[in-house]
Every structure is written in C-alpha cells, then in structure tokens.
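Below you'll find the structure, written out as structure tokens, and then a few comments.
The values are calculated or read from the model by the stated rules, or taken from the named source; none is laboratory data. In this text, all values refer to a predicted model and were calculated from it rather than measured experimentally. Here the Cβ is made from the backbone with ideal geometry for all residues, glycine too, and neighbour counts use every protein chain on show. Ligands, DNA and RNA are stripped out before the accessible areas are found, and what is left, the full protein with its side chains, is counted by its heavy atoms. Shrake-Rupley method; radii C 1.70, N 1.55, O 1.52, S 1.80 Å.
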Amino acid sequence: MVGTRLPYGRTTPRKVAKVSPLAPPGVFTVAGGVAVEQMNRSWKDLGSPWRPQPGPEEELAGDAGGQPPEPAAGPAFGRRASDRPPAPVAAGGAATDTPGGEQPGGAFAPSLGAVLVVHADERERLRLLSHLRQAGLQAFGAASGTEALSAHQLHQHAVVVVDLDLPGLDGAELTRRLKERIPATAVLLLAHPEGLLRAAASVGLADGCMVQPPDRHHLVTWVRRYLEHDELRSAHRLLLQRIDQVAAQQGLFDPLTGLPNRPMLDGRLQEALADAAATGRQVAVLFVDLDGFKAVNDVLGHHAGDALLKEIAGRLVAGRRDTDTVARFGGDEFVVVCPAIYDPAAAIDITEGLLADLAQPLVADGYEHRVTASVGVAVSGPGADTPESLLRNADLAMYRAKDDGRSRWALFEESMLQDALSRYATRQRLRHATSNGELHLLYQPIIDLEQGTLAGAEALVRWHPPGEPMAPPESFLDIAEEVGLIRRIGDWVIDQALTDLATWRGQVGLPAGFRLWINVWARQVADPALPNVLLELLQRHGLAPAAVGLDVADGVLADEAGVRVLRDLSAAGVAISIDDFGSRAGELAMLGQVPLTLLKLDRRLVAALSGEGGRRRGALLRAVVGVGLALGIPVMAKGVETHQQATAVRAVGCSFGQGYLFGGPGEPSELPGLTSTSFLSEDALG
C-alpha cells in the first residue's frame, strides 16, 4: 500500500519510502511504517556523507564559483504580512540568534511565513539562521525543545527545522507535539548519518529529513517549497483560524466544567430577552448556590471540590430543557437561563425539578455526596428586562432562600430589592456615624428584685442619622458586622459608657454594688487587645474593674480566642454575663468555659409566662433558673412587663429584673434620678 500526500503535510501509512512532491530532491518524507532497510539503502545509494543531488527537473545552473544561485524570495503569507527587510547579519555571515518572535533590529510578530530553527549547538543554529535570513526569510532560533514549544505557541511558525538530537525534549517528541497542536506546521528533521536509523522510527510525523549539517541550497529550497505551496498555505491559515476560534471559545467557557461562563451567559440572556420581547413570553433566571460547599474544599481538598463541581455541572445540564442554558457564575454558583416560559409557575416547576436532581446522591473523586442548594428565581418583566437586572433579582432571591433555611427556592419580590437598597444606603451612611457624632447611648435600669432598688444599668446604643428618627440596634448592628464596623462602634460604646458612669459618680452617690453592663460583640471579644484597652479606659476615668460588666452572646464561648480574652478580663475583676440565656441548645456545655457573674434570661422565657400553658412554661423557667443557681451564678430576668411576671421570676429565684415594668431605655441624664426609687412599691409599679 502506497500512501498519498495530505494537504497538512502528513502522509498516509505506506511500506516504502516515497519522495514527497513538496520536498527537494534527496529529502525523504517517510510514513510511520517505513521499512528501515529501504531508508538505509537510500542513504547508501546517495553516498556518505549524504549530500542529496538534484534530480533532472531540479537541475540548477551554478554561478561562477560553482555554487547554485539563491532562489528568489517567495511571497510572504499569513495574518500579518511584512515588507520588512531581512534581519541584518553579523560580519562573516553569522546571524544573531533571537528566540521566539524577535529579530535583530526591533520587535517583530512573525507571519505565517516565519521559520523556527531549533538546535542545541549555538554555532550550528546561527549558521542555519544566517543561511535562511540571507535568502530573505524570516528566521528565529530556539536552543531547546521547551523553548521552541513556547515560541511556537505564541507565533505559529509555518516551518520548524528541528535537530533530532536535542537534549531533554528531543526532536522526535518535539515534532509530535508541534504536529499535535498545528498539523499544518511543516517540520524538517536534521539527523547525523549515524542517527538516521533512529530517525526512521519517528520521522513519519515530520515532513522531511536531512543529514546534518544540511547543505545551504537544499535547506533554503526545502523551506521555500513549503512556504510557497498553495495547499499548505491555505491549510495553515485554516488551522490558525480554528485556533483563534478555539481561543475565543475558551474565553467564553469555564475551563473546569466546560459550561458557558459569565460573558457567554450575558449573551444568552440578551438573546432570550430579545426573543421574549418579540413573542410576548418571559425569561426565568435561576441563581443556584450550593449549600455548605466550602466544607468539601476544606475537608477533602480542592481536587475533590473540583471533581464534585464537574459532576454537579453535568447533572444540572442533563435535567434541563434543550432550550435552557446552564452557566457557571463563579465558585460554587451556577445560573440557569430558561427562555420562553409563560408565567412564574413554570419557572418554579423547573426549579423544583432542579433541586430534586441535585438531591440524588452522586459520587465524585471516590466520595459520595448529597448536595443541596439554595435557588433564587427571577422572571423578566417591567423593570427586569436586562441581563443585569434579572441576575441581580435572582441573586437577591437566592439569599432569601439561604436566610429561610437553605435547600429551598425563593421567588423574587420587589420588597427584596427595596430591602437591599435600604441596607446598601445604611452601609454607606453608617461608615461616618461615629465620626459625625450620630451614635447615642441610652440606659435601661436593672433592679434588685429582693430590695426593689437600682442595682445597675445596661448601655444600649442607638443611631440617630440627621433628619431621621433614632434607629434601634437591630436596624444597623447586623449591617455594621457585615461591613467590619462593629469593632469601631463597640470601642465608641465602651468609651462613652465609661464617660457617663464617671459623670454619674461625680454628680450623685450611686448605690453600692451598682454595675454598668456593656454589650460587646464577637469581633471585639476575639481581639486580644481588648483587656488592655478596657483597663486603660477604666484607669483614665478613675473606675474600678468591678464597676462594669460585659454582656456576651453564648456563641462567643465557642471561640477559643474569645474564651481566653474573657478569662483575662474576669481575672482582672471585670464582670462577665451570658446574654439571652436559655434560647439555644448547647449553652449548658459552655457555662464552664469562663467564670460568670450573671446569667441574663432570654426575654421569651419571661413573656411565655403570660400565655397559654403558663404552668408548663413556669416549670421550664424554674429549670433554666435552677441551672444558674446550682452553679452559684445569679440570674436576671429580662423583659419583665407585668406584675404577674415580676412575681413569677422572684418566686423561681431570679435575683435581678429588667423591663418596661421598671423603666425603659432613657437618656444618661435621667439615670441619677432613679437612685432613690423603690421599684417594687405600689406607687412605682403603678
């Protein structure tokens, strides 16, 4: 079987060597199945060292010195034609070797007519470059196979001349990789006579082979034939166009999952919205966020996480309609575009099917996973007719689904956008609240339930933006936590509260044992500098550590760093209380972490005493209070608003009470007037 020449410079298998119609005389283009003895015989017939002789049709007249004349320069071709003169040649005909895409005399991006010479021997490489450049060809050099691959990746040289005996990545492997990337690249292997037998096994990938050192005339002629061949030129252009298309495609697809990425998602959304406007239908966007995916990366590693993402991507695609687009938005977030739907109910049906698909166990990287997701659903309509608005709405709905418990969907409502805009405005204004003097402290009294006298007070922060009503803490403290302002606000609260306490002490005699309680947040407590800062402020205001107490949430006790800070503060004499005790599971296990001065009951335990099932709820209150008493920790009841509640909490052993029955939050100037009040008298209780 005899092979035929292909346009890309390859050959079909054949059992005998055949001279390529594109190759100069004496240069063999051999298929992978070449008979070694045939190659060997051809070499012997030509003599040693091999200097291939031109055939009759290739006979060239010699010049006066007996050397064949240089062929005329062929036309340049490619995406960027160049009329630059050939690079200057150093004295003596030696070319300057410049790797990659630069020629001496300035930077240059080579055209498809460029030649790359890959040779480890610098002198031989420069000699070959000199031959090619003197013939008017654009020639560049590389000293290794690795360097050649990098240069070819950037510049797609049309012809590559390769030394078979390259160290490391040898000529045969380099040829294979070059052809694998761009089959139309013409490769000429250079081999020493003793290496031709080895070359025979690999030269099938190449387009020709010459004995080293190659004759100048035959080297230039071989290269010219390839550069000027119409079929090869067209094939090379087509291949490079395809490479450009693939590169563009890679810019539109996620490299991990193969799904469309955000730029392509925007394009698909625009198309779907345009179609919806023309047909009167709607477009739905599902914003999918995987629940708890971070734990996969943290515990199993990113390799396992990537494998899981690919499996999830496949499952998302498999369960959708043919007209839907599934895209990876980033991280563990995906977006599904559902065009041509009639109403939101259709989008919800698709979403529920998606959640059901994800809920099925899947195996990735050897691990079985059960995946859940929170999905936000948005449907196009007035005010939601652009890719940006639809994605924003679906994203907001996704966060609502997460807030509602995860593993569920939420349909976008206009109130979600208004809430988001309000929170954004709050974040912006809150950044300047402390510096603009917009924060304010109110104080709510704490009563000794045995004596009926003032035992302390709790500092409560408020925000008073200019021209607006005073904002309660629940309207801005969570946002302050989100944007990292909680520590700044907390530091201001401590300083201002101690300033007010020192002022009261200077104005009136506060009751013995009076203690001011200050709320602190997790980020403050995690700061190891907090004890020193607080103690310095106490000293500056002339106050003893026992004069203040810090209210912390029980979650702080789960943080080791926070526990160390609280222990240091307790050792210095600062009182510590657990706020809203009895509202969460796991609190009992935390009680031994830090020496506590007070337990403040969750106000819901007290409020429940006035509802149905009062006897059962009273038993629950007694049990919770009993825990504190058994540990020797006094208990305070919060939210006491009625005589019945006051009587009940005293009966079960609460030592202190707080609530509107005794007085709500008041201005700093009002507290000194409470020092002589008997809060349990008939007059005081109303």
Q: From largest accessible area down, sort THR146, THR325; use a 1.4 Å probe on the protein chains.
A: THR146, THR325
Q) How large is ³J(HN,Hα), in whole Hz, for each residue of the range 351-360 in order, when computed from phi with the Karplus curve 6.51 cos²θ - 1.76 cosθ + 1.60 and θ = phi - 60°, using x for Gly and Pro? A) 5, 5, x, 4, 4, 5, 4, 5, 5, 6
Q) Given 10 °C and 1.306 mPa s, how large is the Stokes-Einstein diffusion coefficient of the range 128-169 in µm²/s, with Rh as the Kirkwood radius over Cα pairs? A) 142 µm²/s
Q) Between LEU116 and residues 5 or more places away or on another chain, which pairs have amide H atoms under 5 Å apart, with H built 1.01 Å from N, and which residues are they? A) PHE140, VAL159, VAL160, VAL161
Q: Please report, as a whole percent, how much of the solvent-accessible surface of the range 287-358 comes from carbon and sulfur atoms (probe radius 1.4 Å).
A: 55 percent
Q) What percentage of the solvent-accessible surface of the range 507-610, computed with a 1.4 Å probe over protein heavy atoms, is contributed by carbon and sulfur atoms? A) 52 percent
Q. How much accessible area per residue does the range 453-606 have, in Å², with a 1.4 Å probe?
A. 43 Å²
Q. Leaving out ligands, DNA and RNA but keeping every protein chain, what accessible area does TRP517 have, in Å² rounded to the nearest 10, with a 1.4 Å probe?
A. 10 Å²
(Q) Just to verify a number: FRET efficiency for GLN270 and TYR660, C-beta to C-beta distance, R0 = 35 Å, to 0.05? (A) 0.05
(Q) How large is the accessible surface of GLU333 in square angstrom, using a 1.4 angstrom probe and rounding to the nearest 10? (A) 40 Å²
Q.
What value in Å³ per residue do you get for the convex hull of the alpha-carbon atoms in the range 279-368?
A. 84 Å³
Q. For the range 426-549, what does the equivalent ellipsoid look like in terms of its semi-axes, each the square root of 5 times an eigenvalue of the Cα gyration tensor, given largest first in whole Å?
A. 26, 18, 13
**Q.** Electrostatic dipole magnitude of the range 420-503 [Cβ: Lys, Arg +1; Asp, Glu -1; Cα centre; debye, to 20]
**A.** 500 debye
Q | Accessible area expressed per residue, the range 623-686, with surrounding protein chains retained (probe 1.4 Å, Å²) | A | 46 Å²
(Q) Before I look further, what does the range 260-410 give for accessible area per residue, probe 1.4 Å, in whole square angstrom? (A) 46 Å²
**Q.** Stretchable slack from ALA420 to TRP492, in nm (0.36 nm times residue separation minus alpha-carbon distance)
**A.** 23.2 nm
Q: Heads up, I need the accessible area for PHE253: 1.4 angstrom probe, whole protein in place, Å², nearest 10.
A: 60 Å²
Q: May I ask you to derive the FRET efficiency for GLU641 and VAL533 from their Cβ-Cβ distance with R0 = 30 Å, giving the value to the nearest 0.05?
A: 0.25
Q. Efficiency by 1/(1 + (r/R0)^6): what FRET value for ARG427 and ASP306, r their Cβ-Cβ distance, R0 = 35 Å, to the nearest 0.05?
A. 0.55
